[in-house]
1. Given points 7 Å out from each Cα along the Cα-Cβ axis, report the Glu190 to Val109 separation in nanometres with one decimal.
2. How many percent of the accessible area of the chain is carbon or sulfur, using a 1.4 Å probe?
3. Lys and Arg at +1, Asp and Glu at -1: add these up for the other residues within a Cβ distance under 11 Å of Arg143 and post the number.
4. Determine the order of Trp185, Trp122 by accessible area, beginning with the largest, at a probe radius of 1.4 Å.
5. Non-local amide H neighbours of Ala148 (under 5 Å, H modeled in plane, Pro and chain starts lacking H): which ones?
6. Tell me, what is the 1.4 Å probe accessible area of Asp88, in Å² to the nearest 10?
7. How much of His14 can a 1.4 Å solvent probe reach, expressed as accessible area in Å² and rounded to 10?
8. Rounded to the nearest 20 Debye, what is the dipole magnitude of segment 2-193 about its Cα centre when Lys and Arg each give +1 and Asp and Glu each give -1 at the C-beta?
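The values are calculated or read from the model by the stated rules, or taken from the named source; none is laboratory data. Just so we're clear, the structure is a prediction, and the values are computed from it rather than from any experiment. All Cβ positions, even for glycine, are placed from backbone atoms using ideal geometry, and neighbour counts span all protein chains on display. Each accessible area value is taken on the protein alone, full model and side chains, heavy atoms only, with ligands, DNA and RNA left out. Shrake-Rupley method; radii C 1.70, N 1.55, O 1.52, S 1.80 Å.
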Amino acid sequence: MTSIGIVYHSGFGHTAALARAVAEGAAAVPGTSARMVFAEDAAADPAQLDGFDALVFGCPTYMAGPSAGFKEFIDATSGIWLKQRWKDKIGAGFTNSGGYSGDKLNTLVQLMLFAMQHGMVWVGLGLPDGGSSSTSTADNVNRLGSYAGAMAKSDVDLGIEGIPESDVATAEALGNRVALAAHRWRQSGEASANGCASAPRVTERGEQ
Ligand SMILES: Cc1cc2nc3c(=O)[nH]c(=O)nc-3n(C[C@H](O)[C@H](O)[C@H](O)COP(=O)(O)O)c2cc1C
């Protein structure tokens with residue numbers, strides 16, 4: 001069983017709904033388990049995440065960056081960072097905010113750099129921009145045109161019922177892709193451990 005942990009913060013429930021969509025997208029891949037872990041609980045005991053094959057980080061964008069609740073979790077992982085215990089674990093991220101941009105990219109970049117500091121292997125969204133042509137509609141998956149991770153826009157005056165289906169589908173697609181990547185990554189790790197990895201070969205110019 002390949003296990004995916006979705007570590008998320010949400011002040012008002014919107015990002016929690018998207019975290020659930022990521023989990024459902026991951027669990028749809030046969031042989032995958034997905035568990036949602038609230039950032040506050042993860043901050044209290046980050047070692048509980050050691051056993052996951054992949055971690056997906058998600059938070060709302062507050063004041064142009066990760067919410068303070070998620071940053072608390074980030075800072076709580078410094079002991080794990082020191083020992084590089086999450087090195088080579090698959091990582092991915094998503095964020096949600098009120099504005100179309102709202103400076104969400106800064107949040108995704110911070111989540112990605114956090115994973116990089118841990119030596120993790122980042123998996124992006126892997127979907128084309130769903131909002132870039134004259135025929136694009138708000139119903140398109142990845143309508144906000146993100147590559148580094150999943151983005152969602154929730155109107156600030158509506159509850160979770162106001163989150164567009166397309167953004168929920170985008171979050172599901174991220175979970176699905178992470179699960180598939182984690183399966184492949186795990187299989188290749190098992191193959192290397194069994195001595196099946198091909199011998200490293202370096203070629204120079206002119207060599208085949
Ligand atoms: C303190 C605070 C700061 C915010 N900053 C931004 C921001 O920089 N950009 C933006 O587009 N929306 C911003 N918002 C709106 C939230 O991102 C939006 O309401 C989001 O859906 C909240 O997600 P949550 O329900 O998971 O907390 C902010 C909201 C709060 C409460």
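1. 3.9 nm
2. Working: 5650 of 10460 Å².
Carbon plus sulfur share of accessible area: 54 percent.
3. Details: positive: Lys153; negative: Asp129, Asp139, Glu165, Asp167.
So the surrounding residues net to -3.
4. On the way: Trp185 110, Trp122 50 Å².
Sorted by accessible area, descending: Trp185, Trp122.
5. Leu125
6. For Asp88, solvent-accessible area is about 80 Å².
7. 30 Å²
8. Working: 13 positive and 19 negative charges, 123 e Å.
Charge dipole of segment 2-193: 600 debye, to the nearest 20.
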